[in-house]
Amino acid sequence: MKSFLHKPFVVSSTLAIMLAFLVGCNDKITYIPVIDSVVLTPDTVVVGGTAIIQLKVTDADDENLVYYYTTNGGTITGVGDTVSWLAPNSTGVFTAKILVTDKDGNQAVDSVDLVVVKNDTATQISGKAIFPSPSDSDLAESKVRIYTSKANWASHTAFATIKTTGFGPIVSFTFNYVPSGTYYLDVWKDIDFGNTVNVGDYFGWYGNGTIYNPNPESFIIEPGIPKELNIQMWVVPAK
């Protein structure tokens, strides 16, 4: 006759293995948040001016991220991945430190610097955006953007942005209180509202080259000396 004396032991052992497996399956893999980019717009302001910090953060398993900002100059307001930085009433280079945490306590850190310059070095940039005549293109409310470096121009990180005044193929623009320094400038009307320069948009820049191969050039703003620029506009063609 077969004995079943060891049968309970076999069942108990099997159950223990199954429980251990289930517990193991419930172990959660947590991911650390990653700050993919920090964009400060503009990166240079006059005393008391305002810049915007925009973060791109990814966390594979957690959308409930908390953002902390501290700075050694000025005041940061707002919550989340986009906040305002009000510059202090003194000149210099100031740093904002950024901490992002998820609900599991995982953290990511980064920082960004803001340059603050005096108001008394500011001047004006004005000019016109012009389509070669004859043209029925309307440049009303085109964006005019100035940049502090060619790299910023290439990445569309503007120091300041305004809109043109007037309508038709010739419109005007004026930047007030621009700190002295070296700048680049372009004019863009987003015809298709695609948030990037696309076929059919209107585009122009200070410099040379063609719409197929733009070559922006820098210009210098000196304290108290206004600058006037005329920008030729183009229709962005298909590549």
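Nothing in this text is a laboratory measurement; each read-out follows from the coordinates by a stated rule. Since the model is a prediction, treat every value here as computed from it, not as a measurement. As a convention, Cβ positions derive from the backbone with ideal geometry for all residues, glycine included, and neighbour counts pool all protein chains shown.
For helix 7-25, what angle does its Cα long axis make with the longest principal axis of the chain, in degrees from 0 to 90 and rounded to 10?
10
Pairs to check: Lys143/Lys227; Lys97/Lys143; Lys118/Lys143; Lys128/Lys227; Lys56/Lys103; Lys150/Lys227. Give those whose C-alpha atoms are more than 22 Å from each other in this structure.
Lys97/Lys143; Lys118/Lys143
Taking just the alpha-carbon atoms of the chain, what radius of gyration and Dmax come out, in angstrom?
Rg and Dmax of the chain, Cα atoms, are 28.1, 111 Å.
Once a ≥ b ≥ c are taken as the square roots of the eigenvalues of the Cα gyration tensor of region 120-235, is the result rounded (a/c under 1.5), prolate (a/b larger than b/c) or oblate (a/b not larger than b/c)?
prolate
At 222 nm, what value in deg cm²/dmol follows for the chain if DSSP H runs of at least 4 each add -39500 (n - 2.57) and the sum is divided by all its residues, to the nearest 500?
One gets -3000 deg cm²/dmol as the mean residue ellipticity at 222 nm.
Neighbour counts of other C-beta atoms within 10 Å: give me Tyr31, Tyr67, Tyr212 arranged from fewest to most.
The most exposed by this proxy come first: Tyr212, Tyr31, Tyr67.
Quick one: if you take sqrt(5λ) for each eigenvalue of the C-alpha gyration tensor of region 34-117, what semi-axes come out, biggest first, whole angstrom?
Gyration-tensor ellipsoid for region 34-117: 26, 11, 10 Å.
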